[in-house]
Each structure stands twice: as C-alpha cells, then as structure tokens.
Amino acid sequence: MIPLKDDNPTNSKPIVSYGIIGFCVLIFLAQLGLSQSELRDFTYSYGLIPSVLMGIDQLPNDLFKISPIGTIFTSMFMHGGWMHLIGNMLYLWIFADNIEDDLGTLNFVIFYFVCGVGAAMSQVLMDINSQIPMIGASGAIGGVLGAYLINYPNAKVLVLIPFGFFSQLIKIRALYVLGFWFILQFINSFMSSSSGGGVAYAAHIGGFISGIILILFFNKKTVKKIHKKITKKVNKNKKGPWEQ
C-alpha cells in the first residue's frame, strides 16, 4: 500500500516541511559525491551510534566531528539510498503539511525534532551496545504520521495497491492507511534481526507513539476535541444519584 496524496487542504504553505525535504535531498546529493571510504567516515561521524551516545564506546579522533547528542539531529537528515530517501520524503510530503498547518511553524519544528528524539531513543534502548550508525528521517516522520492519525483519521488518502503485474488506485481513510503502516512496523520488527544493520523499526514505532502523545500537548484544538467527545459521552450516560 503506497500513499500518493491526501484530500486534505491546508490554509498555509508548509515552509518547514518543504525545508526539511529540501535539506534531506541536498544532504543525500552531497553523500553521492563522496567516495566509499569518505561515505563510511561521514556516516560514522554524523550518524547516531547507540554505544557512543550512551558512553559505552568512543569514536576515533578523526571521526569525532560533533557531540554524540548532536548526532541525534544530524542523523535525521541522512539517508542510505534512493529508495530510503524517496519513501521518507513521500510520506513527509503527503502528511506533514496538515500537521504544520495545525501547529504553526515554530511548534511544528519543536514537535518534529522531539518526535525524532523519541524515535532515536526507542531504537537506542533496544540495543545500547550497538556500534551500527542509525540514519534517516523515518522516526521523526513516524511522529508526523501518529499526529495525523489523531487529527485526521477520516481524511481520504489515495493509495496504490500493487497486485503482481497489476495495480489499483483507491481512496482509503487515513485511519486504515496509517494503522496498516504502524502494524507493519510491529510485524517487521519481530521478523528482523537487530544485528548487521537494516531497518530501525523500533525508531518507527517510537516516533509514531511519540507523535500520538505529543500532539495532545502541542495542538490545543485536539485536546478540546477529545475533551468535548468525552464530556458528551459522559453526559449521555449520566444517571441520577442513588437515594437512601
């Protein structure tokens, strides 16, 4: 199931979302210009290495460019290949504009990076001794998806569903598209090995959950909406007092 676009207009231009996409593309193009050894050094210097972040290991002096905490943020703009980049940017392009529209520029910046931190720490805590660099925007984008699920569960998303040599374009509620994405992360996390690199599914899951929780604090409209639903339900089920 590949999302292509949503039917959910915005009131403002998503400047931050476009900026993140543009910066990720520029960083990736810069990576393409590096030799294999230079790319390896670049990845180890600016990628997030769990054991280094937790103080278990240290990088050699020639690879130590920024503090380990700083790599939490630099790693969010790095990608391991074209498909990695395109997949992440597609999801960001489709779903981030509405969340930025809801939160405003500054709040969205804070929200995005806090989700990225939550995602990174979820992966780190899965294996604090790992010496494998983690790169990619998937965790922070997972937070955007979690927020979108809360704010727009009924928005229609145009998706491409491949059937072997054939494919089908259909519109599905965001609840099902993003719910399927989240469940898929869980399934893949159980089927994958944590050694030797691969996809950081724990970061995807951690980012998604972070987005669901954080949107309740960042978006007052969401809190009011949920409070209104709860109050309405309570009033509906309210009964008279016991008398004695």
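We did not get these values from a lab; they are worked out from the coordinates using the rules stated. What you are looking at is a predicted structure, and each value in this text was computed from that prediction instead of being measured. All Cβ positions, glycine included, derive from the backbone under ideal geometry; neighbour counts span all protein chains shown.
Observations, loosely collected:
- Amide H within-cut-off set for Met134, under 5 Å, with H built and near neighbours excluded: Leu48, Ile49
- Here's how it looks for Arg173: its modeled amide H is under 5 Å from those of Val157, which are all 5 or more places away or on a different chain.
- Listed peptides 105-114, 139-148 appear in the order 139-148, 105-114 once ranked by packing, highest mean of other Cβ atoms within 10 Å at the front.
- A Förster distance of 30 Å, applied to the separation of the beta-carbon atoms of Leu169 and Leu32, puts the FRET efficiency at 0.40.
- Neighbour-count ranking [beta-carbon atoms within 10 angstrom, fewest first] of Thr43, Thr74: Thr74, Thr43
- Order of Glu38, Glu100 under a 10 Å beta carbon neighbour criterion, fewest first: Glu38, Glu100
- A simple charge model with +1 on the Cβ of Lys and Arg, -1 on the Cβ of Asp and Glu and nothing else charged puts the dipole of the stretch 2-232 at about 1140 debye relative to its Cα centre.
- Amide H contacts of Leu4 (H built 1.01 Å from N, in plane; Pro and chain starts excluded): Leu158, Val159, Leu160 sit under 5 Å, all sequence-distant by 5 or more or on other chains.
- Estimated [θ] at 222 nm from DSSP helical runs (n ≥ 4, -39500 (n - 2.57)) normalised by residues in the chain, nearest 500: -20000 deg cm²/dmol
- Ranked Ser189, Ser67, criterion: other C-beta atoms within 10 Å, fewest first: Ser67, Ser189
- Phi-derived couplings, Karplus 6.51 cos²θ - 1.76 cosθ + 1.60 at θ = phi - 60°, listed residue by residue for the stretch 103-108: 8, x, 4, 5, 4, 5 Hz, with x used for Gly and Pro.
- Residue with peak Gaussian network fluctuation, the chain [Cα springs, cutoff 10 Å], from Gln36, Gln131, Gln123: Gln36
- Taking one quarter of the surface of the convex hull spanned by the alpha-carbon atoms of the stretch 103-163 gives a direction-averaged projected area of 6.6 nm².
- Whole-Hz ³J(HN,Hα) from phi, Karplus 6.51 cos²θ - 1.76 cosθ + 1.60, for the stretch 56-63, glycine and proline x: 7, 10, 10, 6, x, 4, 6, 9
- Under Karplus coefficients 6.51, -1.76 and 1.60, residue-wise ³J(HN,Hα) of the stretch 114-130 in Hz, glycine/proline x: 5, 4, x, 5, x, 5, 4, 5, 4, 6, 4, 5, 5, 7, 5, 8, 5
- Rg/Rh ratio calculated on Cα atoms of the stretch 2-232 (Kirkwood radius): 0.98
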